[in-house]
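Down below is the structure, laid out as structure tokens.
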Amino acid sequence: MTLESKVPAGPLTEKWSRHKFELKLVNPANKRRFEVIIVGSGLAGGAAAATLAEAGYNVKCFCYQDSPRRAHSIAAQGGINASKNYQNDGDSVFRLFYDTVKGGDFRSREANVYRLAEVSEAIIDQCVAQGVPFAREYGGQLDNRSFGGAQVSRTFYARGQTGQQLLLGAYQALERQIAKGKVRMYPRTEMLDLVVHDERARGIVTRDMVSGKIESHTADAVVLATGGYVNVFFLSTNAKGCNGTAIWRAYRRGAYFANPCYTQIHPTCIPVHGDYQSKLTLMSESLRNDGRIWVPTAAGDARRPEEVPESERDYFLERKYPAFGNLVPRDIASRAAKEVCDEGRGVAHGGLGVYLDFEDAIRRLGVETIRDRYGNLFEMYERITGDDPYRTAMKIYPAPHYSMGGLWVDYDLMSTIPGLYVIGEANFSDHGANRLGASALMQGLADGYFVLPYTIGDYLSRHMGEGPLPTDHAAFGHVESEVRGRIEKLLSVGGARTVDDFHRELGRLCWDYCGMSRERGGLAKALEEIPRLRESFWRDVKVTGAGEELNQALEKAGRVADFMELAELMCRDALEREESCGTHFRKEFQTAEGEARRNDEDFTHVAAWEFTGDGNAPRRHVEELEFENVVPSQRSYK
Amino acid sequence: MKLHLRVWRQRRPDAAGAFADYDLDDVSPEMSFLEMLDVLNERLTLGGEEPIAFDHDCREGICGSCSLMINGTAHGPNRGTATCQLHMRTFADGDTLRIEPWRSAAFPVLRDLIVDRGAFDGIIQAGGFVSVNTGSAVEANLIPIGKPEADLAMDAAACIGCGACVAQCPNGAAQLFTAAKVSQLAILPQGRPERARRVLGMVRAMEESFGACSNFAQCEAVCPKSISIGFIARMNGEFLRAALAQPAAD
Amino acid sequence: MLVTLYRSAVGKKAVMAITGLALFGFVLGHMAGNFKLYLGAAELNHYAEWLREVGSPIFPHGSFLWIVRAGLLAIVGIHMLFAWQVTRLNWAARPVAYGERRNVDSPYASRTMRWGGVIILLFVLYHLAHFTWGLPWAHPDFVPGDVYHNVVAGFRVWPVSLFYIVAQGALALHLYHGLWSLFQSLGWTGSGRETWRRTFAKAFAAIVFAGNVSFPLSVLTGLVS
Ligand SMILES: Cc1cc2nc3c(=O)[nH]c(=O)nc-3n(C[C@H](O)[C@H](O)[C@H](O)COP(=O)(O)OP(=O)(O)OC[C@H]3O[C@@H](n4cnc5c(N)ncnc54)[C@H](O)[C@@H]3O)c2cc1C
Ligand code: FES
């Protein structure tokens, strides 16, 4: 099968409007004849469910939390980008497009990114209309800030809780449709498999997480909006429940998985403090606007930060990247921190941390200004660590944060399985090899509010009058029994190690060999160890309780079992991509100064993996990327 | 640190529950409260017992999943702190901790410490939104909103829907949760056209499942976002205005 | 409109706030009138007689007082009925009790509204039997029309005075929380809890307590005889 990106012809700026015109429409009376399943109620899923229901479709929406309002999008702090150019600082659709393509190190599809930038403005309008309390100027206009090193101020924010407010906007729109009976919500319901029949997605098989009941749900189309998979690293900034199960099961049913090795490591997280650590907390990137990052010049310096004299401090980002200093993109900041820690100059538990220091900023701007800007972040930091950042430097360390990789989708956001759409972080679409700050929220909402609702109609209109496959069809029965078999198998291993124990080990492998920097030898090693670990998981895991009840151990076990497979694909992809680009840094491919060196000749493409059966090597397909509007250049932040 | 835990265990919604006692003697003060439970759960699992079920997800105080009554206080002793942000350094060596689920007729226990908070979604369904379809919005800066109003609306909007207000309230009232949403949308111009309908609907939905407010103010004390009971007053005002303006036939 | 109010606990609380405010007004007026005790028997007895006079000649002698009494009775009735209905709702809201529950931050007064209210009701009944109806079991020495005598003779019995003082304590607590709360219930925004409204409630509760307690105390200490 060749990968058809279905990018419409014509000039970049007209592609989307022309495409919207060419897409087949479903007339209003017919919309209510269609059922659409949406798995996920985050920004992408929530927005899509509400919008499709408003349009008249019947929607079934699923999430694993007890309420759609708790989807992981809620945790986003910093903000959302849009090319409104309210600040009159030279922003435009084209600049947002360009920054995103460049930030992604020229590994994304131009047309998709342009469309994203194009609809970004409508997103802000929509959210404001819903009552999202964005920050305002005294004149009553929307406030913006510059974020993640952007040269323009295009980030809209609601205190440090932007994701929460955007999600609540979508959630409220969703609840409105639930009240109208257009959406049926299934909280605490986990999708465990996809049903494909006649080469089309027909529905899903779920487990009711309270009663344990396995059920089939049928629809005319299935949309996955299940978020990212960086919990494969065990420790990450993602919520504990974030998982790769939905996309992994879809992959095993025939959807291609694109660029699994593109995982973003966020530079400013609170370092690990012990073996019992269960997750890592992100400290907003905005801290880098005023904080200075440093480590002691000498390895093993055990003094408190305020006791280290200026001359014995190495402000390594300012030293290496004089132009951008502490505001270099995430991948570069993370790697630089790792380097100094590898040299033994790290601070915090196990030498895995660097200082983020506000001493200068407080001296320059005064405590009050700093409190105004970062007060709630400082409080959060103190609550977790017990240290007061007004008095002593914060300690930070990079942590896995976001997955740019995901299921491959075409311009219409449809996967390689007809009728299966993938939106939000779950797809691979817009961020290339690295995502810019405040762009994930934008993409999730773009997909959910403004792209999918158009493109899905085109597919549905082609299947008018066919109706969903009945759930008593053999295709459902077959998948259901597979799902049951797997659960029984997990419950019957009766080994001696807990699920978390395995997950932690898997995470360590991924972090060591497929984390911030990667190399052939390490990846090869990981590819040997992961299957071994997986095998021992199925031999030695201990899952207590029964299937027909609320059983958190079982939930976790299923997710970790899938991560065990996903991790292998991630490492394989990292091994095959013999270049460094964005967050994917291969030690073998760097410039003399230690910067990432792309190989445009051989790797200006998307790698999309096809499942070929257990025990067989997956097949790698490529979608060539063409750059007609921007010229790939070496990213330079010196 | 050594700790003694008394934890509510209940296998199914309709089963009887009871407190079970556990001793932990290797608790690090740096651990979060939920990590302490993780450690206990690992131990239980290895010993062949079932781990304690509790709700959690983000573990950074924003998703509103975590919901533990700790020594008689929702989310434990620290102000403005969700259970997941609570760290063991708050407690002393040798402490006994009693851990219970939220208790409310509207929040039935599903298992151990997990309850069903679906009634909150019901309150939102009754009007906690602005009726605007995707695509019908006007240009964002056409609606100027003063900074003080925007800030006040944000104070209310910060609610994470955890249910601590209900859990702590001697009356099991959901006033703070409901009032936060009613207020946010009443303060902002976008929410004004529907304000009467909204408050009447939401209050009715609230009172179907929850108790009434006696102005104890304990909700504010335990709210992880420290949302002010001033918003409850605002909701009351909204409600009275809407009810009195209603045509008599209604 | 009124049905909406009646159907909802929020509406009922608003009505309780208004009826409570009216009763507070009554308590203040009652106390103010009683201060005549310090002006001597003639003044107090004259005031008592005047109460029956008010409203005449439009209303026949004594009838206006009965209208006021009926109004008061209705107000007390509504206040209590709604309190009872809301209380039942609250009890139903938590069928399973906690093993342990702390009262974080809520003043003692807020938690004694129900029982405090019941104590006040019992007290008022006793008070009526004692000074208004002069029932022999309550006031063996009762002389109809001689209010001054009745008060002095009544308070000389120290257990009676003690009961009055305790009841005034209950009333003060009830007023303190009630006065503060009524702003909340009536939708007075711009709040936060440590505002002038707290101070207002504290001050008036204290004034009423001090004023009312002064009567039995001054009789007991012989200041008034
Ligand atoms: C701490 C943090 C801060 C961030 N800050 C920013 C920021 O400032 N700006 C920005 O642009 N981006 C930010 N991001 C990234 C951004 O928040 C996410 O990429 C984005 O919200 C993902 O949205 P989503 O809708 O794709 O998925 P999610 O919000 O993760 O939603 C996934 C949904 O799928 C459901 N689900 C998952 N698996 C299953 C299953 N098997 N069965 C049923 N349901 C399932 C879940 O219940 C949930 O409803 C941040 C991320 C983190 C972790
Ligand atoms: S786990 Fe999300 S708020 Fe505590």
* Asked: Across segment A:136-151, which residue is nearest to the other protein chains (Cβ to nearest Cβ) among those that are crowded, with 20+ Cβ neighbours inside 10 Å and touching a helix residue (DSSP H, G or I) at 6+ places or on another chain (Cβ under 7 Å)?
  -> A:Arg136
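Each row is one residue, and each column tells you yes or no for (1) away from ligand 1 (no atom under 16 Å from the Cβ); (2) in contact (Cβ under 8 Å) with a residue 12 or more places away in the chain; (3) over 28 Å from A:Arg176 (Cα atoms).
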site: A:Trp16; (1), (2), (3): yes, yes, yes
site: A:Phe21; (1), (2), (3): yes, no, yes
site: A:Asn27; (1), (2), (3): yes, no, no
site: A:Arg32; (1), (2), (3): yes, yes, no
site: A:Glu35; (1), (2), (3): yes, yes, no
site: A:Gly42; (1), (2), (3): no, yes, no
site: A:Ala47; (1), (2), (3): no, yes, no
* Kindly indicate the residue of segment A:168-191 that is buried (at least 24 other Cβ atoms within 10 Å of the Cβ), within 11 Å of ligand 1 (Cβ to nearest atom) and under 18 Å from A:Leu224 (Cβ atoms) and also farthest from the other protein chains (Cβ to nearest Cβ) among those meeting that condition. => A:Met191
* Does B:Asp151 qualify as being within 9 Å of chain A (Cβ to nearest Cβ), assigned to a helix (DSSP H, G or I), within 23 Å of B:His75 (Cα to Cα) and not hydrophobic (A, V, I, L, M, F, W, C)? -> no
* Asked: In this structure, does B:Pro108 turn out to be open to solvent by less than 20 Å² (accessible area, probe 1.4 Å) and more than 9 Å from every other protein chain (Cβ to nearest Cβ)?
  -> no
* Structure fact -> If we keep only residues of segment C:80-107 that are open to solvent by less than 40 Å² (accessible area, probe 1.4 Å) and more than 7 Å from chain B (Cβ to nearest Cβ), then the residue modelled with the lowest pLDDT is C:Pro107
* Which of the residues spanning segment B:1-28 are touching a residue at least 40 places away in the same chain (Cβ under 8 Å), within 13 Å of chain A (Cβ to nearest Cβ), more than 17 Å from A:Gln552 (Cβ to Cβ) and touching a strand residue (DSSP E or B) at 6+ places or on another chain (Cβ under 7 Å)? -> B:Val27
* Quick one: B:Ala126 ticks every box in (1) at pLDDT 95 or above; (2) open to solvent by 10 Å² or more (accessible area, probe 1.4 Å); (3) over 21 Å from C:Arg7 (Cα atoms) except a single one, so which number is it? => (3)
* Quick check, is A:Leu441 more than 14 Å from A:Tyr262 (Cα to Cα) and within 14 Å of ligand 1 (Cβ to nearest atom)? -> yes
* Structure fact -> Taking first residues from segment A:416-429 that are within 14 Å of chain B (Cβ to nearest Cβ) and second residues anywhere that are open to solvent by less than 10 Å² (accessible area, probe 1.4 Å) and away from ligand 1 (no atom under 16 Å from the Cβ), the pairs with Cβ under 9 Å that are 6 or more apart or on different chains are none
* Structure fact -> When segment B:53-89 is checked residue by residue, the ones that are of a type in the set (S, T, N, Q) and near ligand 2 (Cβ under 9 Å from one of its atoms) are B:Ser65, B:Ser67, B:Thr83, B:Gln85
* Hey, which of the helices (runs of 4 or more DSSP H) in segment C:30-144, taking only ones fully inside, have at least 2 residues that are under 30 Å from B:Cys219 (Cβ atoms)? -> C:63-93, C:108-111, C:113-127
* Asked: Is one or more of the residues making up segment A:612-627 modelled with pLDDT of 95 or more, in a helix (DSSP H, G or I), closer than 30 Å to A:Arg497 by Cα and among the polar types (S, T, N, Q)?
  -> no
* Asked: Taking segment A:46-83 only, how many residues are within 14 Å of ligand 2 (Cβ to nearest atom), more than 7 Å from every other protein chain (Cβ to nearest Cβ) and not in a helix (DSSP H, G or I)?
  -> 4
* If a residue has to be farther than 22 Å from A:Leu43 by Cα and at the interface with chain A (Cβ under 7 Å from one of its Cβ atoms) to count, how many in segment B:125-148 make the cut? -> 6
* Asked: Just checking, how many residues over segment A:553-575 are open to solvent by 20 Å² or more (accessible area, probe 1.4 Å) and touching a helix residue (DSSP H, G or I) at 6+ places or on another chain (Cβ under 9 Å)?
  -> 6
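The values are calculated or read from the model by the stated rules, or taken from the named source; none is laboratory data. In this text the structure is predicted, and so the values were computed from the model without any measurement. Cβ coordinates were reconstructed from backbone atoms using ideal geometry, including for glycine residues, and neighbour counts include every protein chain displayed. Ligands, DNA and RNA are excluded from the accessible area calculation, which covers all protein heavy atoms including side chains. Shrake-Rupley method; radii C 1.70, N 1.55, O 1.52, S 1.80 Å.
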